[in-house]
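Written below as structure tokens is the structure these notes are about.
The values are calculated or read from the model by the stated rules, or taken from the named source; none is laboratory data. These figures come from a predicted structure and were not determined experimentally. As a convention, Cβ positions derive from the backbone with ideal geometry for all residues, glycine included, and neighbour counts pool all protein chains shown.
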Amino acid sequence: MLATLSHLSKNKSKVIYLTPLRALAAEKFEEFKKLEKINGSKLKVAIATGDFNSKGNELDNADVIILTNETMDAMMTFQKSWIYEIGLVVSDEVHLIGDSGRGPTLEMILTRLKTGYVGKKPQIIALSATISNSSELAEWLGCKLVESEWRPVPLSEAVYSNHTITNQDRVESEGNLDKKRETRHSKPAIGLGLDIVEDGAQSLIFTMTRASSVAAATEAGKFVAEQLKKDELEKLLKISKTILPKETEDQTKLVKKLADAVKNGAAFHHAGLDQRCRTIIETEFKNGHIKLLTATPTLAAGVNLPARRVIISSVFRFGPNGNAPISILEYKQMCGRAGRPQYDDEGESIIVAKGSPNQYLEHYVDGIPESLESQILGDSSLRIHLLGLIATSSTFSPISEEKINEFFSQTFGGLSDDKLESKISARLKELKTYDMITDEGGFKPTKFGQKIFWLRIDPKTAFDITAYLEDYVQGNKHTFGFLHMITNLPEFYPQF
């Protein structure tokens, strides 16, 4: 924020604040609206995330624009006029570049900005608390590296196993309240969360699936309610009624379960809830009315929630390749939600372990986050963004392979990949095979390729679907086979 005010005091250009989450964007929007310029006038702040959007020409007239990474990508694609007025870009949670799903989009945005590919070259400020190779990222962005070990709220990290909590100093203590409650339920994570609620604070439990977050909140609510006063329960009842839609509208089982949990002072939060429900939960947790919140790891990406204690119910997550341990970086992001500034004087995170706590302490608590690695040159990512570059660069004339190679050599991944040109050449051949681009003195998208670019899906996925449909129309395929193919596509796999 200081950088924003400093920039606006010296320049007339816009400030762009990029975040990975809509909830975080909304939070930053409220924070920036409170600021004033040096001359005392209010900042003109706008937001565009898909859920929250400023009206009319507010983006054109704004001093500061808050966007999710994906919305910024779309704005750059449409080449909105204000793109050429950007003077400062703040990229929050920039370690997302290492995410195989959303990282390549952020990397493309930053590459376009730092090279002046769209608009002029702005100053870039990249923020993260969990990058071990930050010097490499700073060099790529052309930024000065500023590092700090200072944390505004002290954090204690520990591991729970067999009724014992072992902290980072290997000091053990008994989880007595949890031990008592285990006669009534079998989930240590819930007991650890209830311990802190009984002390008058709030807890956040990370679960690895949406279903487990719902189940944990439902069960925990029964015990949280026992700790609450009559006026607190009355307030929660009012909140639960705001969650349920009007009787004339559909009331899904999920929303009903959420409302029931909230009545008892607990709630769950995951991407399966609509924005309205997520906003209510975030607001009421911040207000202190909801005492225990269960969530999938998506909430770890920087949303400022007042959790004194964070419990990580498991370090394993089920994904496309089966059950696998989470990364150290992801663990550090989760435990970083504990003891947030403005809310707590201290914070603590606890991993629920099976077996000896030592391996968890050594790997996660004492561990250093993995080096940030670009994901943009993976086959799927490169197909998507290669088609995107061709579609957005060839409006007036085709783009040459030389220009394509030059652009990707300036990405974070392209800097050190000696096989860059061969990878690009292979993917270009694929796109031509899929009839998505033509090569006549340079590359241009076909009508089919342009449509696939707008959909932002893997060109191979689009090709597989259309090829199957063509066979289906000719009577060579069965409907069941088509459904089976669809459910096996990478895009179909649930995102937890």
Residues of region 155-168 satisfying the condition of being closer than 18 Å to Ile368 by Cα and either in contact (Cβ under 8 Å) with a residue 24 or more places away in the chain or not in a strand (DSSP E or B) (or both): Leu155, Ser156, Glu157, Ala158, Val159, Gln168
Asp418, sole failed condition from (1) in contact with a strand residue (DSSP E or B) (Cβ under 6 Å, 6 or more places away or on another chain); (2) charged (D, E, K, R); (3) assigned to a loop (DSSP other than H, G, I, E, B): (1)
Single unsatisfied condition, Ile384 versus (1) farther than 30 Å from Leu204 by Cβ; (2) assigned to a loop (DSSP other than H, G, I, E, B); (3) not aromatic (Phe, Trp, Tyr): (2)
Candidates Val197, Val214 - the one that is touching a Phe, Trp or Tyr at 6+ places or on another chain (Cβ under 6 Å) and within 22 Å of Thr283 (Cα to Cα): Val214
Test: Arg151 is of a type in the set (Lys, Arg) and under 21 Å from Ile368 (Cα atoms): yes
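Limited to region 260-276, what total is found for residues that are assigned to a helix (DSSP H, G or I) and either modelled with pLDDT under 95 or surrounded by fewer than 22 Cβ atoms within 10 Å (Cβ to Cβ) (or both)?
Residues meeting the conditions: 4.
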Residues satisfying the stated conditions in region 12-28, i.e. in a loop (DSSP other than H, G, I, E, B) and either closer than 30 Å to Gly103 by Cβ or within 14 Å of the chain's Cα centre (by Cα) (or both): Ser13, Pro20, Leu21
Filter pass, Arg308 being farther than 30 Å from Thr433 by Cα and either buried (at least 19 other Cβ atoms within 10 Å of the Cβ) or in contact with a Phe, Trp or Tyr (Cβ under 7 Å, 6 or more places away or on another chain) (or both): yes
Single condition His289 does not satisfy, out of (1) buried (at least 16 other Cβ atoms within 10 Å of the Cβ); (2) in contact (Cβ under 8 Å) with a residue 60 or more places away in the chain; (3) of a type outside the set (A, V, I, L, M); (4) farther than 15 Å from Ile205 by Cα: (2)
One residue from Glu232, Glu226 being out of contact with any His (no Cβ under 6 Å at 6 or more places or on another chain), closer than 29 Å to Ser173 by Cα and of a type in the set (D, E, K, R): Glu226
Candidates Lys180, Lys120, filtered to the one that is surrounded by fewer than 14 Cβ atoms within 10 Å (Cβ to Cβ), in the same structural domain as Val64 (by TED's automatic domain parsing) and either modelled with pLDDT under 95 or not in a helix (DSSP H, G or I) (or both): Lys120
Unmet criterion (only one of (1) part of a strand (DSSP E or B); (2) surrounded by 21 or more Cβ atoms within 10 Å (Cβ to Cβ)) for Gln333: (1)
Some residue of region 24-38 being β-branched (Val, Ile, Thr), surrounded by 21 or more Cβ atoms within 10 Å (Cβ to Cβ) and touching a helix residue (DSSP H, G or I) at 6+ places or on another chain (Cβ under 6 Å): no
Filter result (surrounded by 23 or more Cβ atoms within 10 Å (Cβ to Cβ) and of a type in the set (Ser, Thr, Tyr)) within region 91-104: Ser91
Test set (1) in contact with a Leu (Cβ under 8 Å, 6 or more places away or on another chain); (2) surrounded by fewer than 19 Cβ atoms within 10 Å (Cβ to Cβ); (3) modelled with pLDDT under 90 - Glu401 fails condition number: (3)
Unmet requirement for Thr294, which otherwise passes all of (1) surrounded by 19 or more Cβ atoms within 10 Å (Cβ to Cβ); (2) in a helix (DSSP H, G or I); (3) within 17 Å of the chain's Cα centre (by Cα): (2)
All positions within region 437-472 that are touching a Phe, Trp or Tyr at 6+ places or on another chain (Cβ under 6 Å) and not in a helix (DSSP H, G or I): Ile437
